[in-house]
1. Against the definition (of a type in the set (Phe, Trp, Tyr) and touching a Phe, Trp or Tyr at 6+ places or on another chain (Cβ under 6 Å)), how does Trp354 come out, yes or no?
2. For segment 244-276, which residues satisfy the criterion of being more than 15 Å from the chain's Cα centre (by Cα), buried (at least 21 other Cβ atoms within 10 Å of the Cβ) and of a type outside the set (D, E, K, R)?
3. List every residue pair whose Cβ atoms lie under 9 Å apart, where the two residues are 6 or more positions apart in sequence or sit on different chains, the first residue falls within segment 326-339 and is farther than 22 Å from Ala284 by Cβ and open to solvent by 60 Å² or more (accessible area, probe 1.4 Å), and the second residue, located anywhere, is modelled with pLDDT under 95 and among the charged types (D, E, K, R).
4. Filter segment 148-183 for residues that are buried (at least 18 other Cβ atoms within 10 Å of the Cβ) and among the charged types (D, E, K, R) and give the result.
5. When residues of segment 383-415 are filtered for being of a type in the set (Ser, Thr, Tyr) and open to solvent by less than 10 Å² (accessible area, probe 1.4 Å), how many remain?
6. Using the structure shown, decide if Ala315 is over 30 Å from Glu375 (Cβ atoms), small (Gly, Ala, Ser) and either in contact with a Phe, Trp or Tyr (Cβ under 9 Å, 6 or more places away or on another chain) or part of a helix (DSSP H, G or I) (or both).
7. Restricted to segment 277-304, and to residues that are more than 28 Å from the chain's Cα centre (by Cα) and among the basic types (Lys, Arg), which residue is farthest from Leu52 (Cα to Cα)?
8. For segment 114-148, what are the residues that are at positive phi and either over 31 Å from the mean Cα position of the chain (by Cα) or part of a helix (DSSP H, G or I) (or both)?
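The values are calculated or read from the model by the stated rules, or taken from the named source; none is laboratory data. Because the structure is a prediction, the values reported are computed rather than measured. Cβ coordinates were reconstructed from backbone atoms using ideal geometry, including for glycine residues, and neighbour counts include every protein chain displayed. The protein model used for the area step is the full one, side chains on, heavy atoms only, and it has no ligands, DNA or RNA in it. Shrake-Rupley method; radii C 1.70, N 1.55, O 1.52, S 1.80 Å.
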Amino acid sequence: MRISKTEFARRRKALMAVMEPNSIAIVPSAPERTRSRDTEYLYRQDSDFYYLTGFTEPEAVLVLIPGREHGEFVLFCRDRDPEREIWDGYRAGPDGACREYGADDAFPVDDIDDILPGLLEGRERVYYAMGKDAGFDRQVMEWVNTIRAKVRSGATPPGEFLDLAHFLHDNRLYKSAAELRVMKEAGEISARAHVRAMEYCQPGVMEYQLEAEILHEFAMAGARHPAYSSIVGGGKNGCILHYVENSAVLKDGDLVLIDAGCELEYYAADITRTFPVNGRFSEAQKALYDIVLEAQYAAFETLKPGAHWNEPHEASVKTITQGLLELGLLNGELDDLIEQGAYRRFYMHRIGHWLGMDVHDVGDYKVGGEWRVLEPGMVMTVEPGIYVAPDDETVAKKWRGIGIRIEDDVVITKEGYQVLTDDVPKTTADIEALMARAGEQRSA
């Protein structure tokens, strides 16, 4: 485990520090999900729950009670069961929860209905992410109603519910040094996977074969899972932003867009590269590609503490609109085209998103109605793109069906920014050189 027990404890302390007096926080683990009939999807812990505990088992509930005399960190989890463990694997059990994960108290989750109402009773406020899990919402209200039913006997139910996510997600937005080390490693693994895909690519290869090369590199480096469904879109498929079928043959003369990143120790990487299937950009492909790359560089130049969230997007919009205007895909005055949003035909998404334990990570983009100011420790993607629909008859035929996106992961530092994923070539010259060397090796 690359995040220490000390850091998990620090995270819990940071959350409890912003909780009101005489309050309690409740965080359930992620439920198991059925894949088909009697098989489940591979289990992945809820990010909030893992962020606070490091505990990876299902059927668990975290309770934080600031100032509790017998310990502030309470964990409910599955009891040890040697018979079930033969089938399903090791369980920590309550003793292991205390010994291995630092819980002050731990109880079998089967006893939660008897114990948790007593922990809730007398607390003025409950911090809980209502609406995230309808089944657990009902369970929480049943516990509260159990206390309400005893009001005449002197019981005091909680009087207020507060949204836990508002407080916890702000903490998650700022990455620690340990988190950044994991994210840098995830970026390096993902970068090697993209290089591997470029080296393997040639006309006649299937999209899913490039995906297989990527997943192989992830797993061999210890990142067994992608952070999201990998996108491998050749030709016009690169114009579909969330294309995941990955079932088509890659054709000579087309580009292929790959958006893929691994998950390492619960932290995501997110990289996109676009390159020619045959290793050589056409004149039209290179013209559009260079605009996208220039837009990414323009966005990078805005990244520094004190800049606001929308500045890199504005820089990318200006660069892309100017480039499309010069190539004749747009007509008019630059400022008018930007104001009208004319570029959205070809650049319909924003410049990026927060990145962390979730690929589209938590954190507000606006605070008090204003764009959030960038601060050290924030990690974001920078991913401009141009997509010309294959049936767009308003542009010359040579542009149609070209989809290009270039994406990297960036951490805001005290001095400016650091790119975590810059080990993948992205200039047309570097991409062509890499693919040419790979082709020579195949022929040798």
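1. Details: of a type in the set (Phe, Trp, Tyr): yes; touching a Phe, Trp or Tyr at 6+ places or on another chain (Cβ under 6 Å): no.
No.
2. Once the filter is applied, which keeps residues that are more than 15 Å from the chain's Cα centre (by Cα), buried (at least 21 other Cβ atoms within 10 Å of the Cβ) and of a type outside the set (D, E, K, R), segment 244-276 yields Leu250, Leu255, Val256, Leu257, Ile258, Thr274, Phe275, Pro276.
3. Filtered contacts from segment 326-339: no entries.
4. Once the filter is applied, which keeps residues that are buried (at least 18 other Cβ atoms within 10 Å of the Cβ) and among the charged types (D, E, K, R), segment 148-183 yields Arg172, Lys175, Glu179.
5. Kept after step one, since they are of a type in the set (Ser, Thr, Tyr), are these residues of segment 383-415: 387, 394, 413.
Adding the requirement that they be open to solvent by less than 10 Å² (accessible area, probe 1.4 Å) leaves 387.
Final tally of qualifying residues: 1.
6. So Ala315 does not fit the description; no.
7. By that ranking, first place goes to Arg280.
8. Gly122
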